[in-house]
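J.: Sharing a structure, written as structure tokens. Questions coming.
The values are calculated or read from the model by the stated rules, or taken from the named source; none is laboratory data. This structure is a prediction, so every number in the text was calculated from the model and none was measured. Cβ: placed from backbone, ideal geometry, glycine included. Neighbour counts: every protein chain shown.
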């Protein structure tokens, strides 16, 4: 990493695993669960959050010395809301079908706790470049979990990935379906998102026992 | 009647936490004790009941396509709905501050129990989600918007109360170490959500056309079988 010093690189790599926003910091769960029934929606959501958090962190960090601390929440909300409106309009213009699937959850990026959490915890106290790296790192950590959940839910729920029938055709009985495999439609329903995230947390904490909570 | 229907629908069927996962962050963070969970839940009901009708008015008279026509003919073509995110969140943030100031002035005891949660609520997805769902589901009147706000608030309150009670009890059980805390809470919430899905059939029972068709079918089947019976008896004779 010639471009980044070791400390800067840690800002990106830490949130990917040991300080993951979803499984460790418990931030941004609302949107993570609702839209993960298909992989495509999860990827779009991850990219949108990457855009909003990366830019928002820079903006807040540039303004950190002129924001009065009493009204900082409102200022932060306005910055996020502006960025989210941009995302929403871009999605509506170039991916209208997808923006219908995501429905209100694009708007809910505004109250995605990851964004407010990183603004409060990092951007208000650090320079623009570091804040940008922190924003990118955290949204990547968020995206990794989102894509993992979306992958399993779409694969097990409808037997497709990004719309391609990877397991064969369920109607013509080809591929895995020829030997009697059935799609688990339950994976597409909302409760399974919670259980899949729960299992991811379980796996992560059994591999890294330092993360275990004391009940 | 539609008020009652919407009320129960927003509590059980479209439950904020279990059906749409709104407000999960504070739901997970503040559900360790029942007492604090009750405080936050009450604050959410209160803020939703205030902000959803308020944002409904904003949506109807400022933001929707043609909503500005009350200003005069020439304004009828404006569509400001792209501004709705920023308007809604500004309304919510200011309302929360206003409510905080008013409650502090007039009821210090309520402030002491709710006060610390109010700033948390401005960034609770459930509040903004309430307003956004109100907009996307096109709720027709102010009264229904109020009902919807209160109903979804109560749904959220029930959810956080239930999980807090379970988490207080689960402290005495032996959970696998890696699942302790967050992991088991996720899985329990998932199981509760499966339970809440069973409310889905609650409001579909009163569909009269379907039942009429069914009775009609049953009658025709009866007639056919009678005819057959008659034919059979003739053959036997």
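J.: Quick check on this structure: which one of B:121, B:102 is assigned to a helix (DSSP H, G or I) and within 13 Å of chain A (Cβ to nearest Cβ)?
T.: On the way: B:102 fails: within 13 Å of chain A (Cβ to nearest Cβ).
One residue alone meets the criteria, B:121.
J.: Scan (1) farther than 30 Å from residue A:75 by Cβ; (2) in contact (Cβ under 8 Å) with a residue 40 or more places away in the chain for the single condition residue A:175 breaks and write down its number.
T.: Condition (2) is where residue A:175 drops out.
J.: Still on this model: Could you list all residues from the stretch A:147-183 that are within 14 Å of chain B (Cβ to nearest Cβ) and within 22 Å of residue B:198 (Cβ to Cβ)?
T.: A:153
J.: If you go through the stretch B:23-36, how many residues are over 17 Å from residue A:198 (Cα atoms) and facing another protein chain (nearest Cβ under 7 Å)?
T.: Looking only at that region, the number is 1.
J.: Ok, one more. Search the stretch A:184-197 for residues being crowded, with 22+ Cβ neighbours inside 10 Å and farther than 17 Å from residue B:200 by Cα, and hand back the single one that is nearest to the other protein chains (Cβ to nearest Cβ).
T.: A:194
Rundown of residues vs (1) more than 14 Å from every other protein chain (Cβ to nearest Cβ); (2) not in a loop (DSSP other than H, G, I, E, B), yes/no style:
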| residue | (1), (2) |
| --- | --- |
| A:18 | yes, no |
| A:22 | no, no |
| A:37 | no, no |
| A:44 | yes, yes |
| A:55 | yes, yes |
| A:71 | no, yes |
| A:76 | no, yes |
| A:83 | no, yes |
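J.: Now for a separate question. I'd like the residue in the stretch B:68-83 that is part of a helix (DSSP H, G or I) and over 26 Å from the mean Cα position of the chain (by Cα) and, out of all such residues, is surrounded by the most Cβ atoms within 10 Å (Cβ to Cβ).
T.: B:68
J.: Looking at the stretch A:85-132, what helices (runs of 4 or more DSSP H) fall wholly within it and have at least 1 residues that are closer than 18 Å to residue A:44 by Cα, more than 18 Å from the chain's Cα centre (by Cα) and more than 9 Å from every other protein chain (Cβ to nearest Cβ)?
T.: Details: elements: A:96-102, A:104-107, A:113-121.
Per the criteria, A:96-102.
J.: Could I ask something else about it? Tell me, yes or no, whether the stretch B:188-202 has at least one residue that is assigned to a helix (DSSP H, G or I), modelled with pLDDT under 80 and touching a helix residue (DSSP H, G or I) at 6+ places or on another chain (Cβ under 7 Å). Full working, then the answer.
T.: So the first thing to find is which residues in the stretch B:188-202 are assigned to a helix (DSSP H, G or I), and the list is B:188-201.
Within this subset, residues satisfying the condition of being modelled with pLDDT under 80 are B:200-201.
Narrowing the set further to residues that are touching a helix residue (DSSP H, G or I) at 6+ places or on another chain (Cβ under 7 Å) leaves B:200.
Taking every residue of the stretch B:188-202 in turn, at least one turns out to be assigned to a helix (DSSP H, G or I), modelled with pLDDT under 80 and touching a helix residue (DSSP H, G or I) at 6+ places or on another chain (Cβ under 7 Å).
J.: Does residue B:171 satisfy the condition of being surrounded by fewer than 18 Cβ atoms within 10 Å (Cβ to Cβ) and over 21 Å from the mean Cα position of the chain (by Cα)? Working first, answer last.
T.: Details: surrounded by fewer than 18 Cβ atoms within 10 Å (Cβ to Cβ): yes; over 21 Å from the mean Cα position of the chain (by Cα): yes.
The answer is yes for residue B:171.
J.: Of everything in the stretch B:162-185, what is within 7 Å of chain A (Cβ to nearest Cβ), in a helix (DSSP H, G or I) and without any contact (Cβ under 8 Å) to a residue 40 or more places away in the chain? Give them in sequence order.
T.: Applying the first criterion (within 7 Å of chain A (Cβ to nearest Cβ)) to the stretch B:162-185 yields B:171, B:177-183.
Now narrow it down to the ones that are in a helix (DSSP H, G or I): B:177-179, B:182-183.
B:177, B:178, B:179, B:183 - these are the residues of the stretch B:162-185 that are within 7 Å of chain A (Cβ to nearest Cβ), in a helix (DSSP H, G or I) and without any contact (Cβ under 8 Å) to a residue 40 or more places away in the chain.
J.: So, in the stretch B:124-148, how many residues would count as being at pLDDT 85 or above, assigned to a loop (DSSP other than H, G, I, E, B) and within 14 Å of chain A (Cβ to nearest Cβ)?
T.: 0
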